[in-house]
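Undergrad: One structure, as structure tokens, below. Some questions next.
The values are calculated or read from the model by the stated rules, or taken from the named source; none is laboratory data. Note that the structure is predicted; figures quoted are calculated from it, not measured. Glycine gets a Cβ as well: all are built from the backbone with ideal geometry, and neighbour counts include every protein chain shown.
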Amino acid sequence: MSDVAEAARGSHRRRGVLAVLSVLGLLVLVGWLAVSWITPHPYSGTVLQAPEAAPSMDGLVLDDGSEVDLTAFEGQLLLVYFGYMSCPDVCPTTLSMAASARRALGDDADRVRLLMISVDPERDSLDALGDYVRSFDDSFVAATGDLGTLDRVAAQYGIFFGRGEELGDEYAVDHTATLMGIDTEGHLRIVWPAALELDRLVADMRELL
């Protein structure tokens, strides 16, 4: 066999190997994309599988004096947290994490809001609440109401609260410390535990957006 013929056969073999490798690479890529598309996002909170419209918060008043209207937040991911200003640990920790998570979203940050509902209306005035939540993030808003209204709204969201330990002239408020997410269509979609890592919250928020 001539050198020319041998070289031609070698060239054909190389092209054949490259073609096979290209096909295999394409199949791997397609398989990865299919798995990525089919595999659901592993949320770090409790996802409501059949979400319904978030319960009304009628009767609660925002820190600007207007009544809470959840439809005004549609098109945004609304984080909801029940807490109080004198809370020594979990409330500021949760609000700080939510603020950090919002900033981590970059261009999508404007599509996320947080509403803190004070369960301590005796001490938390609307003016003070607004200043408090916006010390964490300028976009945060707060609301509260009388105890009867708070009891009704909190129960609809699975939240417990009540006056706790007396600390001299002060007192603590025991409360459920979960963070909730209402999606862009107004559905209550997820409940996050108090102990949550920042990167997991950011990933969940990106998925919900």
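Undergrad: Give me the pairs, please: first residue somewhere in region 65-80 and at positive phi, second residue anywhere and among the hydrophobic types (A, V, I, L, M, F, W, C), beta-carbon distance under 8 Å, and either six or more positions apart or on two chains.
TA: That search, which allows pairs on different chains as well, returns 65/126.
Undergrad: Among the candidates 159, 182, 117, single out the residue that is in contact with a His (Cβ under 8 Å, 6 or more places away or on another chain) and either at pLDDT 95 or above or among the hydrophobic types (A, V, I, L, M, F, W, C) (or both).
TA: 159
Undergrad: Among the residues of region 68-88, are any acidic (Asp, Glu), in the same structural domain as residue 171 (by TED's automatic domain parsing) and assigned to a loop (DSSP other than H, G, I, E, B)?
TA: Yes, because at least one residue in region 68-88 is acidic (Asp, Glu), in the same structural domain as residue 171 (by TED's automatic domain parsing) and assigned to a loop (DSSP other than H, G, I, E, B).
Undergrad: Which residue out of 153, 119, 133 is aliphatic (A, V, I, L, M), within 19 Å of residue 177 (Cβ to Cβ) and in contact with a Pro (Cβ under 9 Å, 6 or more places away or on another chain)?
TA: Answer to the check: 153.
Undergrad: Looking at (1) in a strand (DSSP E or B); (2) under 21 Å from residue 49 (Cα atoms), which one does residue 185 not meet, given that it meets all the others?
TA: Condition not satisfied by residue 185: (1).
Undergrad: Tell me whether region 132-145 contains one or more residues that are within 13 Å of the chain's Cα centre (by Cα) and either under 16 Å from residue 57 (Cβ atoms) or outside any strand (DSSP E or B) (or both).
TA: For region 132-145, residues within 13 Å of the chain's Cα centre (by Cα) and either under 16 Å from residue 57 (Cβ atoms) or outside any strand (DSSP E or B) (or both): absent.
Undergrad: Does residue 96 qualify as being in a helix (DSSP H, G or I), more than 28 Å from residue 53 (Cβ to Cβ) and not hydrophobic (A, V, I, L, M, F, W, C)?
TA: Yes; evaluated as a whole, the condition is true for this residue.
Undergrad: Just to check your reading of the model, which residue among 168, 164 is modelled with pLDDT under 95 and on the phi > 0 side of the Ramachandran plot?
TA: 168
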